[in-house]
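What follows is a set of notes on a single structure, which appears directly below.
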Amino acid sequence: MNRKPIFAANWKMNKGVSETEDFIKSFLSKIQGQDFPAEIVIAPPFVSLPKLADLLHNANAVQNAHAIQIAAQNASQFDAGAYTGEVSVVMLRELYVHYVILGHSERRSIYGETDAVINAKIKKAREVNLKPIFCIGETLEEREGGKLETVLRTQITEGLKDVSEKDMLETVIAYEPVWAIGTGVTATSEQAQETHAFVRSVLADLYGADIAARIRIQYGGSVKPGNAAELMACPDIDGALIGGASLEPQSFMEIIRNGCAE
Ligand code: PGA
């Protein structure tokens, strides 16, 4: 099955406008002339989205710059109105945003987002053709307590409730074990492959094997240049969602390069 790998930088609450500019200038010079068979996505904080859109638009002459897509790190499940502090999907589309990270474990644990809220956000994003990067993952306690499969099945089934086959084909799943995020501890490639295969089997139960085989499943959690190749060589891993190591242009580029080497 030919699934194009997708490498997404999740900058979290890092890099305002000027740091975004510095990063992009340096990153573009590093990818120039390298033709990665992958999609590259950058998710800066909301305030840096317009600058990122401008910089990428102006950089179209740089080979491979066209492969960079913009993502938001969150979006509201509502259309407009009295929702202080929120940003709507329509506002994001106006800024040339194509992807939106939804259900990240930090949104779930710090901001109390439930599977139902995440499901509403996924459906709202699809109304304007934004592509969700839908994050799922278990805590260490859940894994050690033998609850891995139940937790993931619930997150997937509830998060994707009433999401059509057509919309599912435009959705990326990011499997991020919570214990591997920002900790320097990655899942071994065997653990990651086994879990990705399980996630794909749940997708097959919901959407059928043909559709499940076409959905990209990223791995996330302490991905670095040194472990990207081994993780990306696994048959069910189709790219990475990268936090800490995406903040430096050199390490983000090396993750993509090493991950594409397979
Ligand atoms: P990390 O973060 O690469 O810093 O572990 C990944 C994520 O939270 O998406």
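The values are calculated or read from the model by the stated rules, or taken from the named source; none is laboratory data. All of these numbers come straight from a predicted model, not from anything done at the bench. Every residue, glycine as well, gets a Cβ built from its backbone with ideal geometry; the counts of neighbours run over all protein chains shown. Heads up: the accessible areas ignore ligands, DNA and RNA and are worked out on the full protein's heavy atoms, side chains in. Shrake-Rupley method; radii C 1.70, N 1.55, O 1.52, S 1.80 Å.
Skipping prolines and chain starts, which residues have an amide H placed within reach, meaning under 5 Å, of the one on V87, given they are 5 or more residues away or on another chain?
S76
Please list, in chain and number order, the residues 5+ apart from F134 or on another chain whose amide H is under 5 Å from its amide H, with Hs placed from the backbone.
Sorted by chain and number, the residues that satisfy this are L102, V172, I173, A174.
Which one, A228, I70, V100, projects farthest toward the positive side of the charge dipole computed for segment 6-260 from Cβ point charges (K/R +1, D/E -1)?
After comparing all options, I get I70.
Using a Gaussian network for the chain with springs between C-alpha atoms less than 10 Å apart, which of these wobbles most: D236, D79, D167?
D79
Would you pull out the residues with amide H under 5 Å of E39's amide H, same chain only if 5 or more places away, H placed 1.01 Å from N?
I6, F7
Using +1 at the Cβ of each Lys and Arg and -1 at the Cβ of each Asp and Glu in the chain, identify which of S251, N119, F36 lies farthest towards the dipole's positive end.
Positive-end residue among those listed: F36.
Might you tell me the accessible area per residue for segment 6-260, computed with a 1.4 Å probe and given in Å²? Please report the intermediate quantities before stating the final value.
Details: 10830 Å² over 255 residues.
Roughly 42 Å² per residue, with all protein chains present.
Quick one: which of K131/K161; K131/K166; K124/K166; K12/K147; K4/K147 span more than 23 angstrom between C-alpha atoms?
Details: K131/K161 16 Å; K131/K166 12 Å; K124/K166 14 Å; K12/K147 28 Å; K4/K147 31 Å.
K12/K147; K4/K147, as the Cα separations exceed 23 Å there.
Please work out the C-alpha center-to-center distance from segment 127-151 to segment 32-82 and express it in whole Å.
24
Among A187, H57, F27, pick out the residue whose Cα is farthest towards the positive end of the charge dipole of segment 6-260, where Lys and Arg carry +1 and Asp and Glu carry -1 on C-beta, about the Cα centre.
My answer, from the dipole projection, is H57.
Which order do the peptides 80-89, 11-20 come out in when sorted by mean C-beta neighbours inside 10 angstrom, highest first?
Details: 80-89: 11.8, 11-20: 16.2.
Going by the mean number of other Cβ atoms within 10 Å, highest first, we get 11-20, 80-89.
Assuming 0.36 nm per residue, please report the length gained on full extension of the stretch D35 to T114 beyond their Cα-Cα distance.
Numbers: separation 79, 0.36 × 79 = 28.44 nm, distance 3.93 nm.
My answer for the length gained is 24.5 nm.
Kindly state, to the nearest 0.05, the FRET efficiency for V17 paired with E127, given R0 = 25 Å and r defined as their beta-carbon distance.
Numbers: r = 29 Å, r/R0 = 1.15.
Computed FRET efficiency for V17 and E127 comes out at 0.30.
Under the Karplus relation 6.51 cos²θ - 1.76 cosθ + 1.60, θ = phi - 60°, what is the ordered set of whole-Hz ³J(HN,Hα) values for segment 73-86, x standing for Gly and Pro?
Working through the residues one at a time gives 8, 5, 7, 7, 8, 9, 7, 5, x, 7, 9, 3, x, 9 Hz.
As an exercise, use a Förster radius of 51 Å and the Cβ-Cβ distance of V62 and E165 to find the FRET efficiency, rounded to the nearest 0.05.
Details: r = 36 Å, r/R0 = 0.71.
So the FRET efficiency works out to roughly 0.90.
Hey, got the dipole for segment 6-260? About the Cα centre, +1 on K and R Cβ, -1 on D and E Cβ, debye to the nearest 20? Numbers along the way, then the final one.
Values: 23 positive and 33 negative charges, 89 e Å.
With Lys and Arg at +1 and Asp and Glu at -1, about 420 debye.
To the nearest µm²/s, what D does Stokes-Einstein give for segment 6-260 at 4 °C and 1.567 mPa s, using the Kirkwood radius over alpha carbon pairs as Rh? Don't skip to the end; give the middle numbers.
Details: Rh = 18.3 Å.
The estimated diffusion coefficient comes to 71 µm²/s.
Rounded to the nearest percent, how much of the accessible area of the chain (1.4 Å probe, protein heavy atoms only) is carbon and sulfur? Mind dumping the intermediate values first?
Values: 5820 of 11530 Å².
Within the chain, the accessible surface is 50 percent carbon and sulfur.
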